[in-house]
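S.K.: Got a structure for you, questions after.
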Amino acid sequence: MNEIYLHAWVYRDRSFKDCLDAVLWNGYNGIELCKSHFSTQTDYATSIHDLHKQATSQGVNIGVLPLRGLNFTDNHVVLNDEIDRGIHTIELASKLSTPIVNCMLGYLPDASGNWSSAGSSIADHSHLAMAVEYCGKVAEHARKTGVIFSIETHMDFLHDSATASRSLIDKVGGGLVKATLDIANLAGYDHGESYQNAITILGSDIAYLHVKNMVRSSNSISYQCRLSDGDLDYTEILSTFSTLGFSGPICIEYSGNDDPDAVAASDISHLRSILSNL
């Protein structure tokens, strides 16, 4: 059975200790860190070390580190600083024996907050060229250290869709960049593909899954859903992944406002039930 992680985002309004308690109580295999629990937003290394110390003292595995970077700029000195910070995150993951760095790179929001008019839908060739340079250098360092460098299909970023992720993966080349597929994110904007098309596009480059549910109507999007509710049928989705032989970790990333203790318990129970019947 795939390893199941809990995204610390689920506990973004609670303490990191509460998140660790939920991991232990519900039998998660590990955790993906979230910047909400960082002690400082300017010194990521210190924050990650602090959280790692807390986690390991409780016997909790940190399976994934976050990397948000690549602020688009014409200043090459600034770009090189961004690359250095990315490489430092990779080195930190290697030192802490954390196998995956999950990346959100190249923030391109729409002024009105419309995800369908943001990210790859407004990117140009210069954005992609800068991302290729960044990923080529940082992901090459990841390869050398045995860390998986994975870009998430996340709204407002350059690689928000499977198609955009595929383009970046191919342009960097060498198998250096992998994909974190978040199907619920894709369902939230017009250029996001169906899960079937996303799997076809990304194929064996999918290294990691985020799972949550959502409801989209003609004029609203809500992520106030447990995994068993909403528009997405995870029995069908995970059956497809099982058929393809996907063996990577799956991370529960509930994004609503229900009690996180209740969600952490109910979502892993539902996910285990699906996986055990595949």
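The values are calculated or read from the model by the stated rules, or taken from the named source; none is laboratory data. Owing to the predicted nature of the structure, the values given are computational and were not obtained by experimental measurement. Because the Cβ atoms are built from the backbone with ideal geometry, glycine has one as well, and the counts that use them run over all protein chains shown.
S.K.: Evaluate segment 189-198: report whether one residue or more is within 20 Å of V64 (Cα to Cα) and either modelled with pLDDT under 95 or of a type outside the set (S, T, Y) (or both).
M.R.: no
S.K.: Here is a follow-up. Consider V23 carefully, then state whether it is part of a loop (DSSP other than H, G, I, E, B), modelled with pLDDT of 95 or more and among the β-branched types (V, I, T). First the steps, then the outcome.
M.R.: Values: part of a loop (DSSP other than H, G, I, E, B): no; modelled with pLDDT of 95 or more: yes; among the β-branched types (V, I, T): yes.
So V23 fails the test.
S.K.: Then there is this: Give me the residue from segment 107-154 that is hydroxyl-bearing (S, T, Y) and within 21 Å of N75 (Cα to Cα) and, out of that set, surrounded by the fewest Cβ atoms within 10 Å (Cβ to Cβ). So that I can check it myself, show each step before the final result.
M.R.: Step one: of segment 107-154, the residues hydroxyl-bearing (S, T, Y) are 107, 112, 116-117, 120-121, 126, 134, 145, 150, 153.
Checking which are within 21 Å of N75 (Cα to Cα) leaves us with 107, 126, 134.
On the way: Y107: 16, S126: 10, Y134: 23.
In this case the residue turns out to be S126.
S.K.: Name the one entry in S94, S39, S121 that is out of contact with any helix residue (DSSP H, G or I) (no Cβ under 7 Å at 6 or more places or on another chain) and hydroxyl-bearing (S, T, Y). Spell out how you get there, then give the answer.
M.R.: On the way: S94 fails: out of contact with any helix residue (DSSP H, G or I) (no Cβ under 7 Å at 6 or more places or on another chain); S39 fails: out of contact with any helix residue (DSSP H, G or I) (no Cβ under 7 Å at 6 or more places or on another chain).
Every option except S121 fails the conditions.
S.K.: Are any residues in segment 1-20 in a loop (DSSP other than H, G, I, E, B) and modelled with pLDDT of 95 or more, and if so, which ones?
M.R.: First pass over segment 1-20, keeping only residues in a loop (DSSP other than H, G, I, E, B): 1-3, 12-15.
Those that are in a loop (DSSP other than H, G, I, E, B) and modelled with pLDDT of 95 or more: N2, E3, R12, D13, R14, S15.
S.K.: Could I ask something else about it? Being part of a loop (DSSP other than H, G, I, E, B), buried (at least 18 other Cβ atoms within 10 Å of the Cβ) and either of a type in the set (S, T, N, Q) or in contact with a Pro (Cβ under 6 Å, 6 or more places away or on another chain) (or both) is the filter here, so list the residues in segment 176-219 that pass it.
M.R.: Residue satisfying the conditions is N213 alone.
S.K.: Now for a separate question. Specify the residue that is farthest from N257 (Cα to Cα); the eligible residues are those in segment 1-49 that are polar (S, T, N, Q) and touching a strand residue (DSSP E or B) at 6+ places or on another chain (Cβ under 6 Å). Talk me through it step by step, then tell me what you get.
M.R.: From segment 1-49, those polar (S, T, N, Q) are 2, 15, 26, 29, 36, 39-42, 46-47; that's our starting set.
Restricting the remaining residues to those that are touching a strand residue (DSSP E or B) at 6+ places or on another chain (Cβ under 6 Å) gives 2, 29.
Values: N2: 27, N29: 24 Å.
Checking each candidate, the answer is N2.
S.K.: Another question about this same structure. Determine if segment 244-255 includes at least one residue that is in a helix (DSSP H, G or I) and out of contact with any Asp or Glu (no Cβ under 9 Å at 6 or more places or on another chain).
M.R.: In the first step, residues of segment 244-255 are kept if they are in a helix (DSSP H, G or I); the result is none.
No; the residues of segment 244-255 include none that is in a helix (DSSP H, G or I) and out of contact with any Asp or Glu (no Cβ under 9 Å at 6 or more places or on another chain).
S.K.: Out of segment 47-80, which residues are on the phi < 0 side of the Ramachandran plot and part of a loop (DSSP other than H, G, I, E, B)? It would help to see each step written out before you state the result.
M.R.: First, pick out the residues of segment 47-80 that are on the phi < 0 side of the Ramachandran plot: 47-58, 60-69, 71-80.
Scanning segment 47-80 gives Q58, V60, N61, N71, F72, T73, D74, N75.
S.K.: Pick from segment 185-208 the residues that are touching a strand residue (DSSP E or B) at 6+ places or on another chain (Cβ under 8 Å) and touching a residue at least 60 places away in the same chain (Cβ under 8 Å): which of them is nearest to C225 (Cα to Cα)?
M.R.: Applying the filter and picking the extreme gives G188.
S.K.: Only one residue in T89, T98 is in a loop (DSSP other than H, G, I, E, B), of a type in the set (S, T, Y) and over 28 Å from R216 (Cβ atoms), so which one is that? Break it down into steps so the answer makes sense when it comes.
M.R.: Working: T89 fails: in a loop (DSSP other than H, G, I, E, B).
Every option except T98 fails the conditions.
S.K.: Right, something else. So if I check each of S120, S126, which one is over 19 Å from the mean Cα position of the chain (by Cα), part of a helix (DSSP H, G or I) and over 16 Å from G86 (Cα atoms)?
M.R.: Numbers: S120 fails: over 19 Å from the mean Cα position of the chain (by Cα).
Residue meeting the stated conditions: S126.
S.K.: So how many residues does segment 56-72 have that are over 16 Å from V177 (Cβ atoms), small (G, A, S) and surrounded by fewer than 22 Cβ atoms within 10 Å (Cβ to Cβ)?
M.R.: So the count comes out to 2.
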